[in-house]
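Please treat every number below as a calculation from the coordinates, not as lab data. Nothing here was measured: the structure is a model prediction, and the numbers come from that model. Note that each Cβ is placed from the backbone with ideal geometry, even for glycine, and that neighbours are counted across all protein chains shown.
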Amino acid sequence: MDVHQVIKRPLHTEKSVADIRQNDTYHFEVAPEANKTDVKRAVEEIFDDVKVLDVRTARIRGKQKRMGWQKGKTPDVKKAMVRVRPGDVIDIGY
């Protein structure tokens, strides 16, 4: 799998920003079929001079939504929490 297909986008939430500041941990939305090794390799290849120490993944099920009589579901996503060496910075816009 190509490294640019593994990482879809960075996640920007209050918890992810706090994790960056306190634990050097970045959150990304990743491809559902990507494993921890794929995520580690992709982060180290895309972002130069970054050493990944730990990767945790979680599958988040989509929520049921309704609008009037119409029923639907938000998509399922897989996210990865990537911990890097202290001092390493990934510039993702915040």
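Given the criteria among the basic types (Lys, Arg) and loosely packed, with under 10 Cβ neighbours inside 10 Å, does residue 79 qualify? No: the conditions fail for residue 79.
Here is the figure for the stretch 34-68: residues that are of a type in the set (Gly, Ala, Ser), without any contact (Cβ under 8 Å) to a residue 40 or more places away in the chain and surrounded by 13 or more Cβ atoms within 10 Å (Cβ to Cβ) total 1. Taken together, the residues in the stretch 85-94 that are under 12 Å from residue 27 (Cβ atoms) and surrounded by 15 or more Cβ atoms within 10 Å (Cβ to Cβ) amount to 2.
Taken over the stretch 1-17, the criterion of being free of Cβ contacts under 8 Å to residues at least 40 places away in the same chain and either in a helix (DSSP H, G or I) or touching a His at 6+ places or on another chain (Cβ under 9 Å) (or both) is satisfied by 5, 6, 13, 14, 15, 16. Taken over the stretch 18-61, residues that are part of a strand (DSSP E or B) and among the β-branched types (Val, Ile, Thr) amount to 6.
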